[in-house]
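What follows is a set of notes on a single structure, which appears directly below.
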Amino acid sequence: MIESHHHFRRSRRFLAAAVLFSFAAVATIASADPWSFVVAGDDRTDLKALAPDPTGINTKILKNLLHEIDAKKPKFMLFTGDLVVGENPRTAAKLAEQFSFWTNLVQTEGPDLTVLPVRGNHEVHGDPDGKHWFATFKPGLDSNGVAYFPGEEGFSYTWSPPGHPEIVIIALDQFIHTHHVNLVELENALKKAQTGHAAHIFVFAHEMAFTCTNHGDDDNMAKYPEERDKFVDLLQSYGCEYFFAGHDHAYDWMAIKHAKWPAHYVLNQIVAGTAGAPFYDDKTYYGDHHGYDLIRLDHKREHGYLLVTLDDRPDNKKVTVTFETVTP
């Protein structure tokens, strides 16, 4: 069993993004020394502001985030959706233009970063069939050699960082069918990872499995609780210990347990919707938990990102996740 080491710390610097659509192939990772990747999401502008950012992005925060992450040199970034605000009467730019602003900003501020994105609900505003998302982000995903779920090309996929086949990343789109994920292809991906002797499996999507801050059970995977339960049970069955999400504009670390699961197993749902969107009030873990025990390990309303560090040395195998804050 690989040790999962949980540690929290604050940073005066803001380390935040790596970009897959930079279209530059990721350098081969040959070292067995500890290495890191980052996770963040929800950098959209505030539509309630007196003057929302016309790009659809909180440009100031995202720039700061990119500067800090670029300096940190993580291997890649998982971006959990709501890159932009989507089409809205308060923003002049159409969605395709907003995507262009976002990709140009990331390429300019973090030219060597690698980003693996998934859609959020705001990416559907003005692009219900995903054609603009597909045109903007699939080329970068292709250049980095992701393996798509059949029928979900450009949206759901698996990926292993070059030089680390023992690490499997699974990205899940929840807006081909809103609040749903493709459980059949997810299990196929998990089986393949298990067959390949994956040491670590990390799953990410936009919406959380369990309500944790503001979006209620009708606006996340809990909308369909039986399917949600199958989802988390699948992650447990294949030993996945980390599920990253956004959607709520806060940082929240939830430890999930169930009496039917092995006593030693914990699924960590970590929400990091902290890349610039307006913060939400905390309504805590309300809703129907369907018999799952939900334990809050940490919660903050601050801008920042997750720094995930892997130490794969034979005598010290562990995963460390920290939340790194940034001052705007």
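The values are calculated or read from the model by the stated rules, or taken from the named source; none is laboratory data. Since the structure is predicted, the reported quantities are computational estimates derived from the model, not experimental observations. Don't worry about glycine lacking a Cβ; one is built from the backbone with ideal geometry, like all the others, and counts go over all protein chains shown.
Structure above, values below:
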quantity	calculated
Single match in Phe231, Phe279, Phe244 (criterion: hydrophobic (A, V, I, L, M, F, W, C) and either more than 21 Å from Phe202 (Cβ to Cβ) or free of Cβ contacts under 8 Å to residues at least 12 places away in the same chain (or both))	Phe279
Every residue from the stretch 89-107 that is hydroxyl-bearing (Ser, Thr, Tyr), under 19 Å from Ser143 (Cα atoms) and over 19 Å from the mean Cα position of the chain (by Cα)	Ser100
Count of the stretch 135-147 residues which are touching a residue at least 24 places away in the same chain (Cβ under 8 Å) and surrounded by 17 or more Cβ atoms within 10 Å (Cβ to Cβ)	6
Test: Phe37 is surrounded by fewer than 24 Cβ atoms within 10 Å (Cβ to Cβ), closer than 17 Å to Phe244 by Cβ and at pLDDT 95 or above	yes
Residue list for the stretch 285-328, restricted to those being loosely packed, with under 13 Cβ neighbours inside 10 Å, outside any strand (DSSP E or B) and in contact (Cβ under 8 Å) with a residue 40 or more places away in the chain	Tyr286, Asp288, Arg313, Thr327, Pro328
Single match in Pro150, Pro117, Pro162 (criterion: more than 20 Å from Ala277 (Cβ to Cβ) and in contact (Cβ under 8 Å) with a residue 60 or more places away in the chain)	Pro162
Restricting the stretch 65-75 to residues that are of a type outside the set (D, E, K, R) and surrounded by fewer than 22 Cβ atoms within 10 Å (Cβ to Cβ), the residue that is nearest to Leu310 (Cα to Cα)	Ala71
Pairs with Cβ under 6 Å, 6+ apart, first in the stretch 257-274 and in contact (Cβ under 8 Å) with a residue 12 or more places away in the chain and over 30 Å from Val326 (Cα atoms), second surrounded by fewer than 17 Cβ atoms within 10 Å (Cβ to Cβ) and among the acidic types (Asp, Glu)	Lys257/Asp293
Some residue of the stretch 256-272 being buried (at least 23 other Cβ atoms within 10 Å of the Cβ) and more than 25 Å from Lys192 (Cβ to Cβ)	yes
Residue list for the stretch 195-211, filter: modelled with pLDDT under 95 and out of contact with any strand residue (DSSP E or B) (no Cβ under 8 Å at 6 or more places or on another chain)	His197
Members of the stretch 193-222 that are in a helix (DSSP H, G or I) and within 23 Å of His299 (Cβ to Cβ)	Met221, Ala222
Qualifying residue in the stretch 186-195 (condition: among the polar types (S, T, N, Q) and buried (at least 18 other Cβ atoms within 10 Å of the Cβ))	no
Selection count where residues are part of a loop (DSSP other than H, G, I, E, B) and either modelled with pLDDT of 95 or more or under 16 Å from Ala275 (Cα atoms) (or both), scope the stretch 95-112	1
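Residue by residue, here is whether (1) assigned to a strand (DSSP E or B); (2) over 19 Å from the mean Cα position of the chain (by Cα); (3) surrounded by 22 or more Cβ atoms within 10 Å (Cβ to Cβ); (4) among the basic types (Lys, Arg) holds:
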site: Glu227; (1), (2), (3), (4): no, yes, no, no
site: Leu235; (1), (2), (3), (4): no, no, yes, no
site: Phe244; (1), (2), (3), (4): yes, no, yes, no
site: Thr274; (1), (2), (3), (4): no, no, yes, no
site: Phe279; (1), (2), (3), (4): no, no, no, no
site: Asp282; (1), (2), (3), (4): no, yes, no, no
